[in-house]
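Here's the structure, in structure tokens; my notes come after.
The values are calculated or read from the model by the stated rules, or taken from the named source; none is laboratory data. Computed from a predicted model, the values in this text were never measured in an experiment. Here the Cβ positions follow ideal geometry from the backbone for every residue, glycine too, while neighbour counts run over all protein chains shown.
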Amino acid sequence: MNEHANIDAVLTTFTPLLGRIAASYETDPRLREDLIQDISLAVWRALERFKHESSLKTYVAKIAHNRCVDHVLKEKKHNDRLHNDVEDMDEMPLSNGLNQDTALDVTQAIQRLGITYKQVITMQLEGFSQQEIASVLGINEAAVAKRSSRARLLLEQWLKE
Amino acid sequence: MDEQLKKWKQSYTESTPTVDASLLIKQVKAARKKEQVKRWLDILSGCAVALFCIFTAVYYVDTAVNRGLLLALSLVPVCASIWAYRKSMSKDDATQMNVQQLLTLKRNALLNQLQYWRLSAWVLCLLFIGLFAMLFFNSSDAASDKMWQTIMLVQAPIVAFTVVRYVLLKRALPAALKKIDNVL
């Protein structure tokens with residue numbers, strides 16, 4: 001297939017997916033725009049090597065999450081703001097700048113999650129199976145289930161506040 | 001998908017950020033083209049420098065030793081271009097990995113980076129000591145001494161930069177590794 005036609009079709013199909021994944025990692029709209037562009041470029045490069053071992057959607061999601069993790073590592077400020085690896089649910093910090101009277105929407109709540117939980121819950125919401133999530137993240141399905149359960153508990157609590 | 005997830009999915013999908021797909025495609029194509037031009041420029045410039053060294057060696061150099069040195073030197077830009085090209089390709093490999101593999105790769109890259117600068121610092125320091133020894137023990141005439149002194153003067157900031165870079169990287173390594181570990 002012509003390379004340009006291929007990337008046109010892929011980006012047209014998956015731009016909303018890429019936008020949602022990027023939004024779960026980056027709250028700044030300008031940085032998010034750069035991140036989406038970076039992900040799209042990585043997807044194009046990776047398309048040549050797609051061996052159909054998974055669905056194209058899973059492949060694209062894997063690349064997107066990898067680029068987002070890379071982005072988080074590079075953006076130190078972003079990492080400090082979003083990192084929420086809390087052990088004790090009672091001590092969860094309030095989200096930056098949010099009016100405590102305003103209910104969080106789901107995306108804002110997901111942005112507060114640590115990366116471990118964020119990846120699992122966003123992929124579940126995108127309709128991926130546990131097996132697909134496990135292959136993208138490089139963990140087993142039991143770990144996916146555990147992280148999903150924990151992420152859901154955290155989201156439930158925050159969305160009730 | 002249970003009811004709770006379905007409800008969350010609806011809210012999550014509704015808050016999809018607006019992305020102009022056609023503009024994004026245009027931007028990505030421009031970035032891709034720029035990337036490909038850069039790759040080719042790297043390769044071509046490396047080849048150009050190598051050809052220049054070969055040309056100079058063949059037509060402008062008198063002695064066999066100098067000719068041999070220049071011909072050997074011509075390999076350096078070619079190797080540098082190949083290295084740069086392979087590095088850019090390995091960046092593509094990284095996107096294929098799962099997240100765990102990617103983070104392991106990043107950890108290893110940091111450790112390799114430190115090893116590279118440690119080795120460079122040691123080698124340059126030893127070479128510098130060797131230069132000093134040449135100057136100190138092999139002093140023949142003022143012109144020769146001046147040449148070695150000039151070489152040392154030129155090499156000194158390079159050695160200093162390498163050592164400082166190594167020390168700074170070593171200090172920053174634990175925090176950098178912790179940042180990667182904290183991602184998960």
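Miscellaneous remarks
- Flag if B:ASP92 is surrounded by 13 or more Cβ atoms within 10 Å (Cβ to Cβ), assigned to a helix (DSSP H, G or I), of a type outside the set (A, V, I, L, M, F, W, C) and at pLDDT below 85: yes
Residue by residue, here is whether (1) at the interface with chain B (Cβ under 9 Å from one of its Cβ atoms); (2) touching a helix residue (DSSP H, G or I) at 6+ places or on another chain (Cβ under 6 Å); (3) within 16 Å of A:GLN119 (Cα to Cα) holds:
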| residue | (1), (2), (3) |
| --- | --- |
| A:ILE7 | yes, yes, no |
| A:VAL43 | yes, yes, no |
| A:ALA46 | yes, yes, no |
| A:GLU53 | no, no, no |
| A:THR58 | no, yes, yes |
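Condition check ((1) closer than 30 Å to B:LEU41 by Cβ; (2) acidic (Asp, Glu); (3) in contact with a Ser or Thr (Cβ under 8 Å, 6 or more places away or on another chain)) across all residues:
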position: B:PRO77; (1), (2), (3): yes, no, yes
position: B:LEU105; (1), (2), (3): yes, no, no
position: B:SER120; (1), (2), (3): yes, no, yes
position: B:TYR166; (1), (2), (3): no, no, yes
position: B:LYS170; (1), (2), (3): no, no, no
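- Hits in the range A:2-23 - residues which are under 12 Å from the mean Cα position of the chain (by Cα) and surrounded by fewer than 22 Cβ atoms within 10 Å (Cβ to Cβ): A:LEU17, A:ARG20
- If you go through the range B:150-180 and keep only what is within 14 Å of chain A (Cβ to nearest Cβ) and in contact (Cβ under 8 Å) with a residue 24 or more places away in the chain, you end up with B:ALA176, B:LEU177, B:ILE180.
- Single match in B:LYS34, B:LYS26 (criterion: under 30 Å from A:GLU126 (Cβ atoms), more than 9 Å from chain A (Cβ to nearest Cβ) and among the basic types (Lys, Arg)): B:LYS26
- Considering the range A:10-89, the qualifying helices (runs of 4 or more DSSP H), each wholly inside and each with 2 or more residues that are at pLDDT 90 or above and within 25 Å of A:ALA151 (Cα to Cα), run over A:29-47, A:56-74.
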